[in-house]
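The values are calculated or read from the model by the stated rules, or taken from the named source; none is laboratory data. Here the structure is a predicted model, which is why all the values come from computation and not from measurement. With ideal geometry, Cβ positions are generated from the backbone for all residues, glycine too; neighbour counts draw on all protein chains shown. Ligands, DNA and RNA are stripped out before the accessible areas are found, and what is left, the full protein with its side chains, is counted by its heavy atoms. Shrake-Rupley method; radii C 1.70, N 1.55, O 1.52, S 1.80 Å.
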Amino acid sequence: MLSLTIDEKEIQVEEGTTILEACEKAGSHIPTLCYDKRLLPFGACRICIVEVEGTRQKFTPSCTTPATNGMVVKTTSADIIKARKTILELLLINHPLDCPVCDKAGECQLQDLVYEYGVAENRFKGEKSRLPIDHQSHLIERNLNRCILCGKCARICDELQDVAEVSFVNRGIRAKIGTDFDRALNCEFCGQCIDICPVGALTSKLFKYKARLWELQNVQTICPFCSVGCHLNLGIKDNKIFQATSNGGNLCSKGRFGFEYVHSQQRLTTPLIKKDDQLIEASWEEALDLIAKKFKEIPANNLAGLCGSRLTNEEVYLFQKLMRAGLQTNNIDNAGSYAYAGLMGLKQSLGSAGMTISLSDIDKADCIVLLRCDLSETHPTIGIKVNLAVKRNEAKLIIINPKNIKMSKLPNLSLIHHPKTEIALLNSIINVLINEGLVDKDFISKHTEGFGELKKSVEKYTPQEVSKITGIDKELIKNAAKTYGNSQKAIILISTGLNLPGEEVKLAQSAANLALLTGNLGKEGAGIGILLEKNNSQGTVDMGTISGFLPGYQEITDYKIREKFEQVWNVKLPSFRGLSALEILEKGKVKGLYIVAENPIETYPDSDQIKQALESLEFLVVQDMFLTQTAKLADVVLPACAFAEKEGTFTNVEGKVQKLNMALSPIGKSKSDLEIFITLSKLLGYEINYSNSAEVMDEIKSLVPGYSTPDKGTQRLKWKFVPQTFEKLPVEDKYYPFLLLTGHTHFHSGSMSGKSPALMEVCQESIVEINPEDAKALEIENEELVKVSSREAGIKVKTKIIRKSPKGVVFIPHHPGKNVLSLIKKDYLGPTRVRIEKIEG
C-alpha cells in the first residue's frame, strides 16, 4: 500500500492507483472531461490538473499520473482554479453556445464545469466550427461542431466494443473525430459513444427534441432482452419512455434503443374472443369466464401450457402452479426444454442447473474458451468483458465455432470446425490432456467419479482422427489442449439456442468433463457458463416450467418433494411426467392449450407443422402483448403488460435475482400476467391469493432452492464425469449441398425486437451469409435476392457475401420479418441442409 497526502488528508491506496483515483478515495472532487473508469487513461483535456509538491512541472494531469509513496497533492489552489478556467475558455473558442437547442443540456459536463467555475466571458476569440452535421447515420446524430476532442467515443468504440468505427482524423486545428472518407456510421449502433460523450456532439435521434432531461422521471429497472440482466435507467414523461441509459455501465443496441416496442401502435389493449372466425373485442369478465368454462370441459391430461422466458419469476411460478394445481396437468413447458437443455447437462454432471461462475470471474481468468459463442451478437456486454480480459489482462482465448466471429480478430486459437462436431473435438482435447499429463490428479481423486470410464471413452479420439472429422489441423487441437491445460484459471462459455438440438446436453457435459479434468471448478476465475438467450431464461426454468420438474429442477416423480409442494399449495398434484414443448405442439397430442408470452409459429422450428397442430385444437388461449401469428389462431387473446408496466424479479444468467420496477401505467385494458393468473385461478375453483409480487416471492423462497439461501444440497459431494460419443456426420446431399447455421444477432432476439422501429431501421431484413467461393460457383452477387430451401420449406432472402462463413456453410440470422426456423424440422438430429437458387427476373 502507498501513503500520500491529498489536501492535507493522509490516505492509503494500492500500488498502480492514479492520483485521480486517490483523490476520489480522499473525497476531493477533480473535474474531468476525457476520463472514464472504463477506459485507459488518455490525458487529452487537462482539466483534471493538480499540484504535486516537489515536481518540476507546475501542474500534473491526475488521470494519467500514478500515485507514489509520500506524494503531497493539492487540488483546489488559486493557481489550479485559474488554470482550469483557462482550459475551459480555450475549449469554448470553437464550441457553439447552442445549449437551448442541444439535447445534452442538463447532463453536459462542459456546461456544468462552465457554471461551476463561473466562466461568464471568454478572453480568447476565434471562429466557430462550421462542420456539416451527420443526419444520415442510423439512431445517432453527430454534430462535430460541439466536439471537444476528448477522444472518449473513439476509445470506447475501440477498447470496449472492438469496432473502431470512429477515430481522430487530421492534425492540429483541423483535427476531428470521424469515419473514413467522412461516411455515415456503419457499426453496431450500441450507443456507447452517446453515453460517454461529455457534450452534445453525439446524441440519440430517438430523444431529439422530445423532452428535457430535467423533465424526466428516472426509474431503475432491468433490460428485457438478453439474459445478462443489464441495469436500465428509463427516462419517463407523460407515461412514456423517452430514453434508456446505463448509469455508467455498458449497454447494447437492443438495451439502449429497443424500448420503443412498449409504445407500439400494434399493442393489444383489450381482450379478444373469436366469433364466426373473427377476433372481436370483449370484456375481461367475458374472456376469462369463457376460458374457465372451456378448460373445465377438457380432461386434464389433454390440457397443456407453454410460457415464454420474458415473464417475471413470480409470473412464471404462478403459471405453472395454475397449470399443475388449478388444471391438474403436468403438460407444461417452454422453449428451454430443448434450447436450454444444457442446464440439465450441467445438473447431471455437477448437480446444479446453472452457471458455475459469476460474470466477474471472466476478469480473473487466464484462459477463456468460447464454445459455439458469438458474444458480439448474442451477449454484447459479456463480449466486452471477454474483450478486455484478452486485451488488458492477456487472457488466452480459444474460439470453437463453425464460423469466424468478430472476436477472431483478437489474439486467439480459432478452431473453425464442421458443424456439429464439437463433441469429437472436446473428446480429442481431453485425450491430449490425459496423454500429456495435463490433468489435476489431486482434484480428480478428491472431487470426481467416473474418470476411468471417461479415459477409456476418449482413447480413439486422437488429434489425427478428429482432424478428419472436424476439419481442424491436428496441431491446432494439441495447441488448444495445452493452452487450456496449462492455465491455472480457465473458463468455458457456451451459447444456447443455436438450433442444434440433441447437442445441448452433451455439449454441456463435455465442457464439464474438460473443467473437471483440469480442476477448473469451485475456484475464482474458473468454471462453466451457459449463456441463455432471453432475459429470464434462467428464472423460467428455475420456476418449474420444464416438463417433468417442479420448481428448482426437482423431479415431479419424487414423492417427498411433491408432498412438500402439496402441503404449501394445499392440493393433490398430478404425478405423471408431462409432455415436452415439441410434443405439445404435435397435432393431436392435446385438445386445450394456454400459451403465455410465446409465439411458437415464429420462434420454434417446423412452423408449418406447428400451425397445423394449433389449428386442430379444440380451444387455444394466447396471452401476449401483440397479435402474433400464433395469437391470430386463438379462441381467446388476452392483452398482457410490457416489462415497464409491471413489477417483479428476473433471474439473470449468473443466477442473480434482479428487481424489476414498474415505470408506466398499463396501456389500455392490458393487465400484468400475474393479475391475469390470480383472477383466472378463482374462476377455475383453485383460488390463488396474493396481493403483490413480493408475496409470491416469499412462497418461492420457501420452495425453490437458491432463492432464499443457497441450497448446499444441490452441490454434489462427488462431481461426475459423463463420457460422450460422437455421432457420424450427415451424409452429403448434392441436391441440398449447404449446411445451415442460424442464430441471434446484435439487433434481433426473438420476435419482440421486430416491434422496435429503431432496431428495424438498422437491421431491416434478413440475409444469408455465404462464402465468396460458393457465391462465385452459384454466380450470385452481393445483396442479390435468392431462395434458400430445405426439404421442409423455402424462404427468400438477400445475400451477404462474407468470408466468415466457411465454404459449404451458410448462416441465416433470426429476423422478425423472416422465419428461418420454417426451414428446420422439429425432430431433426443434425444440421439442416439447404440449397440456394437465384430468383430469375
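Brief remarks follow.
- Distance between the range 35-63 and the range 112-127 - C-alpha centres, whole angstrom: 21 Å
- Separation of the VAL571 and LYS682 label points, Cα + 7 Å toward Cβ, nm: 1.6 nm
- In the chain, Cα pairs under 8 Å separated by at least six residues give a relative contact order of 13 percent.
- At a probe radius of 1.4 angstrom, the accessible area of the chain per residue rounds to 41 square angstrom.
- Aspartates and glutamates with Cα under 18 Å of LYS275, excluding same-chain neighbours fewer than 8 positions away: GLU285, GLU286, ASP289, GLU615, GLU618, ASP635
- log₁₀ of I(q)/I(0) at q = 0.16 Å⁻¹ - the range 500-647, Debye sum with one point per alpha carbon: -1.14
- Cα gyration tensor category, rounded, prolate or oblate, for the range 227-357 with a/c compared to 1.5: oblate
- Proximal lysine pairs, the range 525-641, alpha carbons under 28 Å, eight or more residues apart or interchain: 15
- Residues LYS734 and LYS74, FRET efficiency given R0 of 60 Å [Cβ-Cβ distance, rounded to 0.05]: 0.15
- Across the range 488-559, C-alpha contacts under 8 Å between residues 6 or more apart give a mean separation that, scaled by the residue count, equals a relative contact order of 31 percent.
- Of the solvent-accessible surface of the chain, computed with a 1.4 Å probe over protein heavy atoms with every protein chain present, carbon and sulfur atoms account for 49 percent.
- Gyration tensor (alpha-carbon) shape descriptor, the range 1-154, a/c threshold 1.5: prolate
- Cα gyration tensor shape for the range 710-820, rounded if a/c is under 1.5, else prolate or oblate: oblate
- Remark: C-alpha extents of the range 151-215 on the principal axes read 39, 27, 20 Å, sorted largest to smallest.
- Here the label points at LYS9 and ASP182, each 7 Å from Cα along the C-beta direction, are separated by 4.9 nm in the simple model.
- Inter-part distance where the range 422-486 and the range 315-368 are each reduced to a Cα centre, Å: 28 Å
- Each peptide in 34-40, 338-344 was scored by the mean count of other Cβ atoms within 10 Å over its residues; highest first, the order is 338-344, 34-40.
- For the chain, calculated [θ]222 nm from helices alone, where every DSSP H run of n ≥ 4 adds -39500 (n - 2.57): -7500 deg cm²/dmol
- Protection-proxy order for peptides 9-22, 302-315, 273-286, 681-694, each taking the mean of Cβ atoms within 10 Å per residue, highest first: 302-315, 9-22, 681-694, 273-286
- The chain pair-distance distribution - Cα-Cα, 20 Å bins, rounded %: 14, 43, 34, 9, 0
- D_trans [Stokes-Einstein, Kirkwood Rh over alpha-carbon pairs] for the range 367-468, 10 °C, 1.306 mPa s, µm² s⁻¹: 104 µm²/s
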